[in-house]
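Everything on this sheet refers to the single structure shown next.
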Amino acid sequence: MIYTILGLQWGDEGKAKVIDYLAKDFDYVVRFQGGANAGHTVWVGNKKFVFHLIPSGILNKLVKVVIANGVVVDLDEFIKEVELISSETNIKDRIFLSNKAHIVMPYHKLMDKARENKSSKAIGTTLRGIGPAYADKADRLGIRIADLFISPEELKEKIARAFEVKEFLFRNYYNIYDYPSVNQMFDELLKIKDKIEPFVSDTERLLQKAHKDRKNILFEGAQGSLLDVDFGTYPFVTSSNTIAASAFTGSGIGASSFANIIGIAKAYITRVGEGPFPTELKDETGELLRKAGNEFGATTGRPRRCGWFDAVATRYSANINGVMEIFLTKLDVLDSLESISVCTGYKLDGGKTIDYFPSTVETIAKVKPVYTKVEGWKEKTFGIREYNKLPVNAKKYIELLEILIGKKISYISTGYERDDVIVR
Ligand code: IMP
C-alpha cells in the first residue's frame, strides 16, 4: 500500500505531526522533493525534535526512512540530523539516501543569499541553497551523491565546471570574495564521504522491492502545493514540484501505484516569505492566530503571516493533487474566536467575483476575498479525540469546509501530542 501526504497551502500545515501519527502503520517513509528548507517539528511526550531533511517517521522504531532522488541534500545537515537521532533511537539499516539525489554545495547557499540580498524583488527564501541547487540540476551542472564514489579526478573536475560561472558572478557581479575554493570543497566532500556511504543506495530499487513485497510506504511531501514551481504563486514559490505527481519522478515508483493521496490543511492558513496572500490578517486576529498556533518558522524562526481559511486556494490544491481525503490540523487554535471567516471567492479589480485561483501573482495580489462568516465555538477542543465530543459550531465549521473544498475531512488534529487526532 502506498500513501502520499502533502500540504495544500503554503507549507507548515502540520505535516510532520500527521506523518508521525500515521507512521505507525507504515514500513517506509519517503521524502521525494525539497531539501533542508523544510522544517518538521515533532513532539514525543514533552520532547521536541526539529528535522529539516530526515523524514519525521524516523522516531518510530519500526519505520525505515528514505531520502529519494528528487531531494537536494545538504550533507552537513544530513550528518547533523543522523547524529541527533542516533542519540535517541537505533538507526541501523533504517536510513537510506539515494545516490541520484543532488548535493547542495556551499556555492548554492552563497548564491541563494547573494541573490536575495541584491534583488529588489526578493522571494524570501529559506537561504538553504534550494533554488540554485535545482537550477544546477536542470542545467546539468549538479553534483550527485553518486559522484562521491567516482574517481577523485572526475569529481574535482565536476566541481570546477559547476563553480566556474558562479565564481565569476561572485567576484564580478555580487562582490563576494569570501568563498571556498574548488580544492577546499573537494576536500570537504571526500571527508564526509565515509560518513555518508553506509546510507547510500539505489533507493528506487529498494522502494520497488518494498512495494512488490507489499510493504506499506508513506510519501511525505515538503512545503505546500501553493509553493509548487508550476502551480504555486510563481515566482514566489520553491524550486521543486511539491504536488503529488512529484512523488513519481522523485522516487522512481510508477505513477499507477499512487492512488491514496491525503491533503493536509490547517484550519486557517499561513505563509512565510514574500508573495500575495489574499486572506492575510494584519490585525490582532492575525496576531492571535500566530500566538495560539505558535506560527514561527521551524527552519528560519521567522514569524508566519496568518489569515482566514481560503477555500478557493485549498480547493485548487486539492484538485491539482487529486487528493482523496483531507487531514485538517490545528482546529484548537480557533477555540477562542467569537466568529470565524472562510474565503469562498475572490472579487477582481473590476468587481467580478470568481471562485477559482488566478494564474498570476499580479492578479492574486489585487483580489479582495469574499467571506462567509460563521459563529465560533469558544470552547476548548484541545486534545479532543472523538468527533461527537466537538462543540456543535466546530462540527459545523468542519462540514462547511468539506462542502467548499469538495473532499471529505477524514482526520482532524486538535493538539500537538501524536494521538490528539479525531478519525471520522
Ligand atoms: P526556498 O524553498 O528556500 O527557495 O524558498 C522559497 C519560498 O518557499 C519562500 O517563500 C519560503 O519561505 C518558502 N518555503 C520553503 N520551504 C518552506 C517550508 O518548509 N514551509 C513553508 N514555506 C517554505
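The values are calculated or read from the model by the stated rules, or taken from the named source; none is laboratory data. Since this is a predicted model, take the numbers as computed values, not measurements. Reconstructed Cβ throughout: ideal geometry from the backbone, glycine too, with neighbour counts over all protein chains shown.
Of note:
- Cβ-Cβ distances below 8 Å connect the following pairs, each with a first residue in the stretch 120-145 that is not assigned by TED's automatic domain parsing to the domain that holds V229, a second residue that is within 6 Å of the ligand (Cβ to nearest atom) and assigned to a helix (DSSP H, G or I), and a separation of six or more residues or different chains: I123/G131; T125/G131.
- A search for C-beta distances below 6 Å between a residue of the stretch 260-284 that is within 24 Å of T353 (Cα to Cα) and in the same structural domain as F357 (by TED's automatic domain parsing) and any residue that is away from the ligand (no atom under 16 Å from the Cβ) and in a loop (DSSP other than H, G, I, E, B), counting only pairs 6+ apart in sequence or on different chains, returns P278/V367; T279/W308.
- Which numbered condition S256 misses (of (1) under 27 Å from K366 (Cβ atoms); (2) not in a loop (DSSP other than H, G, I, E, B)): (1)
- Condition check for T285: part of a loop (DSSP other than H, G, I, E, B) and more than 26 Å from Y387 (Cβ to Cβ): no
- Scanning the stretch 96-128 for residues that are more than 21 Å from D139 (Cα to Cα), more than 12 Å from the ligand (Cβ to nearest atom) and surrounded by 23 or more Cβ atoms within 10 Å (Cβ to Cβ) yields a single hit, L97.
- The stretch 189-229, subset polar (S, T, N, Q) and outside any helix (DSSP H, G or I), residue nearest to V50 (Cα to Cα): Q223
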